[in-house]
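Notes for the one structure printed next.
The values are calculated or read from the model by the stated rules, or taken from the named source; none is laboratory data. Predicted, not measured: the structure shown is a model, and the values here were computed from it. We place every Cβ from the backbone using ideal geometry, glycine too, and count neighbours over all the protein chains shown. The accessibility values were calculated without ligands, DNA or RNA, using every heavy atom of the protein model including side chains. Shrake-Rupley method; radii C 1.70, N 1.55, O 1.52, S 1.80 Å.
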Amino acid sequence: NRSSTIKDAVARALDISKLGSALADLHTKRSQSSPGLACPLTKFHNRQLPTTADVTADKSMATMMVALRLLQKRGFSLDDLERDTVLLEFERGLAGIPGCPKTTVSCKAGDSFRSMNGTCNNLRNPKWGMAGAVQRRLLPAAYDDGLNLPRKQGVNGSPLPSPRQVSNAVHRGTKDVTSPFLTLHAFQFGQFLDHDVISTPVTSAVYDCCSYNDDVDNCFNINFAEDDPYQPRFKEGYCMEVKRSSGVNCESSGIGPSLQRQQINKLTSFIDASNVYGSSDEQLQGLRDGNTPFMRVSEGADGPRVPNGNDSTCKAKPDEGIHCSLVGDDRVNVVPSLTSYHNVFILEHNRLAERLREEFPDEEEAFQQTRKLMIAIMQKIVYDEYLPSFLSPLAMKKYKLGNLSPYKYDPSLDPTISNEFGIAYRMGHTWIPMFMAVFTKEFQPSFGRFTNETYEDPSMTYIESQNGGPSGMEGLAYWLSAKKSPATDRILEDVVRNDLFLNPTKDTSFDLAALNIQRGRDHGLPSYNEYRKFCGLSTMSSWRTRFGDLTDAALSRLEEAGYSDPDDVDLFTGALSEKPVPGGALGPTMECIIGDQFHRLKFGDRFFYKNPETGYNRDQIEAIKNYSLASLMCRNYKFERIHFPDIFRVLSPLVDCKDIDDIDLTPFLSSSLPDLPRPPESFPKPIRNIDTK
Ligand code: HEM
Ligand SMILES: [Ca+2]
């Protein structure tokens, strides 16, 4: 009898899913005649599933979730559902249980270069950190139904406040306080780095979710129950369309019930410049210049630039020669200063490749050596420059992130990006400035736009150099150097909190703070207090009890946000409301989640540049240590003066680029030689290839 109930549930779920597919087809036909229907969160902030196999798995997962829900309604408990009888029936009915992303991995020990998709980094667990891996979890998901449905209820059963209400109460305001210590490079490098380590694809459901509000497996819109202060757009009845992140069911995520919905990461978790090279061999093929050591570029008015991509992925103006870009991560067109960062890293690859090819006549070897060096440079910038510019000295020490900590690879550490990091690291949204601008070499403004006028519009990167002045790409980087970053606090500028992806024709826009909160709930993240406990910190017990890490004002804002219990507060909101740890910009909960992730990305990466087995020798590491993002910018973007040694710090003096050394490539040119013991300091260095002369 139970068995027929299960069979029946699977059959009904399949019917429902067929109906869903039919509706989707209908919608695809309709949207071909009016492309405006596509959800900008999917279309522009491009997070589509990478392969057709992923899309099939995604659909099959949604079907399974429907079947599971039907069974829960018929009295099956979570334990019942995990029994083999249910799983067997699913196996049969759904042609295999939609499980972990299927990737066959065969590792060759002794590979000298990391794979493109991140597999075989950890030889015992070759899927750790790979593209398509399930996001790690610090705590089991707290879905409303234990399995799949977003966290919508508080601890005492009352509904959580709408994310927009929380956004209005906590994340709204004017950011008139600029950071006393960060330049805008922190903002732009921060996002660039994010796009190396995580991209969470959204469901393959192609229809407009606002027309399918009840499709709980695919849609999780923010519906406005009453008028909002932002008028006239956000009025009662407004639907802010949110597609759910694509779900997978994958036991290997290890934590929580095995049937819980999990989210995946499209990218390699490792800091491996996958934003430059892509996260698969196929992706690289489209980005590399044939089999040469070089990356593909397009020819712009001011020389080579980031290659052109498909013009439907941004607001291109092909008639005026303005195109969308194609790089290793598909969010490259979101804002022009991000494109400028992608551009400079491609130029740097080609600059280094030009020099390394002389040493490595084999084109593949020259390409891989250049890629390896670029990754090392990226890792150096992250750990020696970027992280210490906003993490407290305490966190840098605790998580061994600084360059004084000795390096030893730890194969027991899973480097895979955690689901919680994907929410916490959105703290960078507080650094998004109100304007974007192109500056002159003297750091004077020459062109500016409100940030919300630049989304997905590459025009600024196409501004041409005049009278020897900067190109748009360069001028955007000068601007990042000339300006201080907005303060790291709970506030997000209205350009992203009201006007994100503003579409005047459809009269729609998004609130990034609300999206972050909604996304956390979509992923079933437990509340802020649960993460305080996880991090070994005290918890907030009432709105009235003094609580060290939040000011009284912050506590009352959380109460005003409409949470009925302190145990309900969302992670993003609570953690961003904390007072900074002395010497840093973030509170202790943020530092705990972000610090631990960067610890894993360092010590859990077998190819980390400091690992002598796969990385570099002492001289090479020394050369990398003496290179910097500031120098990289000087070499490619003709800066006159730049904050040096630390481009992220306002207090780093402005130094003439002529006085900043380029990377010393000598130790890399002799890298084919075995690592000889170092001579005493007073001896002259051995000459290259001395023994062949
Ligand atoms: C103008 C600049 C930026 C814009 C327009 C932007 C926009 C967005 C949007 C629309 C999302 C997806 C929201 C959702 O549907 O859940 C997102 C996700 C995210 N953002 Fe940003 N962002 C910007 C800058 C930054 C910065 C500076 C950082 C960090 C320093 C950052 C970190 C992240 C992270 C970690 C995610 C989650 C990624 C994923 O899991 O797919 N963003 N951002
Ligand atoms: Ca990566």
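Which residues, counting only those in segment 163-216, are under 17 Å from Leu492 (Cα atoms) and of a type in the set (Gly, Ala, Ser)?
Ser167, Ala169, Gly173, Ser179, Ala186, Gly190 - these are the residues of segment 163-216 that are under 17 Å from Leu492 (Cα atoms) and of a type in the set (Gly, Ala, Ser).
What pairs come out if I take residues in segment 193-213 that are assigned to a strand (DSSP E or B) and pair them with residues that are open to solvent by less than 10 Å² (accessible area, probe 1.4 Å) and within 16 Å of ligand 2 (Cβ to nearest atom) whose C-beta lies under 7 Å away, six or more apart or interchain?
Listed by first residue and then by second, the contacts come to nothing, as the list is empty.
Looking at Ala225 and the list (1) outside any loop (DSSP other than H, G, I, E, B); (2) open to solvent by 10 Å² or more (accessible area, probe 1.4 Å); (3) modelled with pLDDT under 95, which single condition is not satisfied?
Result: Ala225 passes all but (1).
Counting only residues that are of a type in the set (Asp, Glu), part of a helix (DSSP H, G or I) and within 15 Å of ligand 1 (Cβ to nearest atom), which one in segment 450-502 is least open to solvent (accessible area, probe 1.4 Å)?
Asp494
Would you check if Asn343 is of a type in the set (S, T, N, Q) and in contact (Cβ under 8 Å) with a residue 24 or more places away in the chain?
So Asn343 passes the test.
Scan Leu123, Leu78, Leu138 and give me the residue that is open to solvent by 50 Å² or more (accessible area, probe 1.4 Å), within 30 Å of Lys533 (Cα to Cα) and either of a type in the set (Gly, Ala, Ser) or modelled with pLDDT of 75 or more (or both).
After applying the criteria, what remains is Leu78.
Say whether the condition of being of a type in the set (Phe, Trp, Tyr), surrounded by 24 or more Cβ atoms within 10 Å (Cβ to Cβ) and either within 16 Å of ligand 2 (Cβ to nearest atom) or over 20 Å from the mean Cα position of the chain (by Cα) (or both) is met by at least one residue in segment 288-309.
no
So which of Leu259, Leu267 ends up being more than 16 Å from ligand 1 (Cβ to nearest atom) and either modelled with pLDDT under 95 or assigned to a loop (DSSP other than H, G, I, E, B) (or both)?
After applying the criteria, what remains is Leu259.
Among the residues of segment 382-392, are any among the hydroxyl-bearing types (Ser, Thr, Tyr) and within 21 Å of Ser199 (Cβ to Cβ)?
Checked segment 382-392: at least one residue is among the hydroxyl-bearing types (Ser, Thr, Tyr) and within 21 Å of Ser199 (Cβ to Cβ).
With respect to Tyr425, determine if the residue is modelled with pLDDT of 95 or more and away from ligand 2 (no atom under 16 Å from the Cβ).
Judged against the criteria, Tyr425 is not a match.
Asp605 passes all but one of (1) of a type outside the set (A, V, I, L, M, F, W, C); (2) within 21 Å of Ile377 (Cβ to Cβ); (3) open to solvent by 10 Å² or more (accessible area, probe 1.4 Å); which number fails?
Of everything listed in (1) of a type outside the set (A, V, I, L, M, F, W, C); (2) within 21 Å of Ile377 (Cβ to Cβ); (3) open to solvent by 10 Å² or more (accessible area, probe 1.4 Å), Asp605 misses just condition (3).
Somewhere in segment 417-432, is a residue more than 13 Å from ligand 1 (Cβ to nearest atom) and touching a residue at least 12 places away in the same chain (Cβ under 8 Å)?
No; the residues of segment 417-432 include none that is more than 13 Å from ligand 1 (Cβ to nearest atom) and touching a residue at least 12 places away in the same chain (Cβ under 8 Å).
Yes/no per residue for (1) closer than 27 Å to His185 by Cβ; (2) among the hydrophobic types (A, V, I, L, M, F, W, C); (3) without any contact (Cβ under 8 Å) to a residue 40 or more places away in the chain:
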residue	(1), (2), (3)
Pro257	no, no, no
Asn275	yes, no, no
Arg288	no, no, no
Phe294	yes, yes, no
Pro304	yes, no, no
Ile322	yes, yes, no
Gly328	yes, no, no
Glu365	no, no, yes
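Taking segment 527-544 only, how many residues are touching a residue at least 60 places away in the same chain (Cβ under 8 Å) and open to solvent by 10 Å² or more (accessible area, probe 1.4 Å)?
Residues that pass the stated criteria total 2.
Against the conditions (1) in a helix (DSSP H, G or I); (2) surrounded by fewer than 23 Cβ atoms within 10 Å (Cβ to Cβ); (3) touching a residue at least 24 places away in the same chain (Cβ under 8 Å), where does Asp414 fall short? Just the number, please.
Every condition holds for Asp414 apart from (1).
What helices (runs of 4 or more DSSP H) lie completely within segment 322-397 and have 2 or more residues being farther than 22 Å from Glu299 by Cβ, touching a Ser or Thr at 6+ places or on another chain (Cβ under 9 Å) and open to solvent by 10 Å² or more (accessible area, probe 1.4 Å)?
363-380
From Ser258, Ser274, grab the single residue that is within 16 Å of ligand 2 (Cβ to nearest atom) and not charged (D, E, K, R).
Every option except Ser274 fails the conditions.
So how many residues does segment 461-492 have that are in contact with a Pro (Cβ under 6 Å, 6 or more places away or on another chain) and free of Cβ contacts under 8 Å to residues at least 12 places away in the same chain?
0
Which of the residues that make up segment 163-185 are within 28 Å of Val242 (Cα to Cα) and within 16 Å of ligand 1 (Cβ to nearest atom)?
Pro163, Arg164, Val166, Ser167, His171, Lys175
Looking at Gly190, Gly157, can you tell me which residue is more than 16 Å from ligand 2 (Cβ to nearest atom) and among the small types (Gly, Ala, Ser)?
Gly157
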